[in-house]
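As structure tokens, the structure follows; a few thoughts come after it.
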Amino acid sequence: VWGSQIIVKQNQAAILFKEGKAYDVLSPGRHFIKTKNIPLITKFLSRIVGYDRTPFNAEVIFVSTSDFKGKFGGRSQTMDLAPLQFHGEYFWEVKDASAFVMEIVGNQQIYSSTAATDYLRSFFVQTSIDQLSHFKLIKVMQELDEVSEEIEKRIYPDLTKWGINLIDLKYMGVDT
């Protein structure tokens, strides 16, 4: 109602949704709701139209903008068909809260940082399997840092469209 408050913590963003559409992203701080949801009009409309609650409601989804760390690992093969096992770490943060909520939270129905990290883990495993197949075994084994950076550059656009900033991606080890 008029004058309600939404308090967004320093490491959060809040997204206001109404009827499945993101209307506004609130940054950290105290925000006062200034809609025309005045109790007398609400009561009047409720009697006429038959609403059992206020017709001016909205959902608020809070998104953490902190850094998160995830681990991944799997098996792949290189360009020369050598079998390869890999494991690594990734660090990520939400940069565009609205895009993140629309693409990850809403489409995937992911409502916790653990579930989001697990979802991204599967993305990194799948992408690693695909990308490592473009390199020769000798390059992967001798130049792991460079291979890691090249793969990071290739997957960055996918994460950006989801509202995610990839802070770092490191392959911690590979083995044949």
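Checking each residue in the range 77-104 for being within 21 Å of residue 20 (Cβ to Cβ) and assigned to a loop (DSSP other than H, G, I, E, B) picks out only 96.
If we scan the range 77-85, do we find a residue that is crowded, with 18+ Cβ neighbours inside 10 Å and within 25 Å of the chain's Cα centre (by Cα)? No, there is no match, as no residue in the range 77-85 is crowded, with 18+ Cβ neighbours inside 10 Å and within 25 Å of the chain's Cα centre (by Cα). Meeting the requirement of 2 or more residues that are under 21 Å from the mean Cα position of the chain (by Cα), among the hydrophobic types (A, V, I, L, M, F, W, C) and over 17 Å from residue 85 (Cβ atoms), the helices (runs of 4 or more DSSP H) wholly within the range 105-172 are 113-132, 144-161. Residue 171 falls short on exactly one of the conditions (1) of a type in the set (Phe, Trp, Tyr); (2) touching a residue at least 12 places away in the same chain (Cβ under 8 Å); (3) open to solvent by 30 Å² or more (accessible area, probe 1.4 Å), and that condition is (3). Please determine whether any residue of the range 106-116 is loosely packed, with under 13 Cβ neighbours inside 10 Å, at pLDDT 95 or above and farther than 24 Å from residue 21 by Cβ. No, the range 106-116 has no match at all.
Count of the range 117-142 residues, restricted to those that are among the aromatic types (Phe, Trp, Tyr) and open to solvent by 50 Å² or more (accessible area, probe 1.4 Å), is 1. Of all the numbered requirements in (1) at pLDDT 90 or above; (2) open to solvent by less than 40 Å² (accessible area, probe 1.4 Å), residue 149 misses one, and that requirement is (2).
The values are calculated or read from the model by the stated rules, or taken from the named source; none is laboratory data. Nothing here was measured: the structure is a model prediction, and the numbers come from that model. A quick note on method: Cβ atoms are made from the backbone with ideal geometry, for glycine too, and the neighbour counts reach across all protein chains shown. To get the accessible areas, we keep the full protein, side chains included, count just its heavy atoms, and leave off ligands, DNA and RNA. Shrake-Rupley method; radii C 1.70, N 1.55, O 1.52, S 1.80 Å.
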